[in-house]
1. Go through the range 291-334 residue by residue and tally those that are surrounded by 12 or more Cβ atoms within 10 Å (Cβ to Cβ), assigned to a loop (DSSP other than H, G, I, E, B) and among the small types (G, A, S).
2. Please work out if Y203 is within 12 Å of the ligand (Cβ to nearest atom) and in the same structural domain as L301 (by TED's automatic domain parsing).
3. What are the residues in the range 239-258 that are within 16 Å of Q200 (Cβ to Cβ) and crowded, with 20+ Cβ neighbours inside 10 Å, if any?
4. Report the residue count in the range 118-129 for those that are near the ligand (Cβ under 10 Å from one of its atoms) and outside any strand (DSSP E or B).
5. From the set of residues in the range 130-156 that are of a type in the set (A, V, I, L, M) and open to solvent by less than 10 Å² (accessible area, probe 1.4 Å), which is farthest from the ligand (Cβ to nearest atom)?
6. Could you list, in sequence order, all residues of the range 91-112 that are open to solvent by 10 Å² or more (accessible area, probe 1.4 Å) and within 21 Å of A53 (Cβ to Cβ)?
7. Return the total of residues in the range 145-196 being assigned to a loop (DSSP other than H, G, I, E, B) and closer than 14 Å to F285 by Cα.
8. From the residues in the range 178-200 that are of a type in the set (F, W, Y) and open to solvent by 30 Å² or more (accessible area, probe 1.4 Å), which one is nearest to the ligand (Cβ to nearest atom)?
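The values are calculated or read from the model by the stated rules, or taken from the named source; none is laboratory data. Small disclaimer: the values here were computed from a predicted structure and weren't measured. Note that we place each Cβ from the backbone using ideal geometry, even for glycine, and neighbour counts take in every protein chain shown. These accessible areas exclude ligands, DNA and RNA; they are computed on the full protein's heavy atoms, side chains included. Shrake-Rupley method; radii C 1.70, N 1.55, O 1.52, S 1.80 Å.
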Amino acid sequence: MSHNSTCPGFTAVDRASLGIPEVGVGMLGYRFMGRAHSNAYQRLPMFFWPPAAIPRLVAICGRTGPAVQEAALRFGYEGYYTELDEMLADPRIVLFDNCASANAHSAPTLAAIAAGKHVLCEKPLATTAAEAKQMWQAAEQAGVIHMTGFNYRLVPAVHYIRELIEQDVLGQIYSFRGAYLQEGGDNPDRPWSWRSDRSQGGYGAIGDIGVHIIDLARFLVGEITSLTAMTQTFVRERPIADRPGQVGKVTVDDVFVSTVAFEGGAIGTIEASKVATGRKNQNTFEINGSKGSVVFDLERLNELQIYLKDGPVKGLEGFSTVSITERDHPFYQFWWPHGHIIGWEHSFVHEVNVMLRAITLGEPVSPYAATFEDGYRALAVGEAALASAETGQRIDLQY
Ligand SMILES: NC(=O)c1ccc[n+]([C@@H]2O[C@H](COP(=O)([O-])OP(=O)(O)OC[C@H]3O[C@@H](n4cnc5c(N)ncnc54)[C@H](O)[C@@H]3O)[C@@H](O)[C@H]2O)c1
């Protein structure tokens, strides 16, 4: 069958003729988040047109040749590496995207920074706040663009709530009540993994999902200045996959609850649980202010609930549910007509768009997306929660 430009009527197109720069991406890790980020790079030019840059998926890196080869083919990378040093020496790679497990964040990302790559690293930025601070400082000293994968800042309704607060629509913020709740940890048959181990995963509910809601609290209300917290571990050992009869110890928290104080006077509660039976992936918060309140729930991410004291209809005061899908709502001009809702994965498209604009146009990553400084500060809050749980003391944050 004929398949080239000799076909009658066929005109070949050349991406280079567009004059849009390409940014070469090298990714580490190819499971859940590797897939989410690769999908985001693929989707970006389809919707954010013309993009600041077209992501070029140069290579993906992993330790197991056949598996990483399969991932490269499936996700659309030009090739793969099984040695990180070799990938980082590839001059086509401008942006290193770290989607590996938390214990493989610090050293590979520091190596990428040393190689002069811009860096996007999934949360938790590291397994300790000290490591995360080192990554932030290394990236700053090298002058590379750095981003922590706090994608929930880039959900349209969350971004819109930040705008409402900036415009004083909610007035003085009194309180933030946030919870990130999942049920998967309640299943004792769920195998032991890097997430079960403090040295590999960092902190359980705190590090895995707690940092997301801590980041949203900081993003929307401001810096956390002190806290008290409690943690608990209910499932203390888990079966080791492929080793019948063997179990591994769980050395991280299943649940954490905290009371927090913010700069500016607001107070609140932040909690996270991996054993919240019935909760699939509920990342939710309520903010109360002197002029009104707002509620967000990730499982209904195209909506928010809002109550304004000076609402338009007397006698009908109360919370209203509003669809955040109008063209003038954040990011919506790039997607579909209003009411044609978007999903969880689209937050990653917004995230990589900020990263590519920062690389090619020099736009800032912060405050609408998270830098390594934000990754570090979220972990510092998480570590303070653990210290409070262990000592029973209220902790003043020292960043
Ligand atoms: N932003 C979000 O919504 C979100 C959601 C889930 C996970 N995450 C974060 O993304 C990261 C990855 O999580 P996941 O769920 O994709 O984990 P996963 O266990 O599904 O995948 C981890 C990947 O890391 C690779 N890996 C592990 N150690 C490595 C090493 N030393 N060298 C090279 N590769 C290594 C594994 O082979 C695998 O491909 C974690 O930090 C996690 O907390 C973020």
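1. Selection size over the range 291-334: 1.
2. Against the criterion (within 12 Å of the ligand (Cβ to nearest atom) and in the same structural domain as L301 (by TED's automatic domain parsing)), Y203 qualifies.
3. Selection gives V250, V252, D253.
4. 6
5. A139
6. Listed by number, the residues that qualify are P91, R92, V94, C99.
7. Qualifying residue count, the range 145-196: 1.
8. In this case the residue turns out to be W194.
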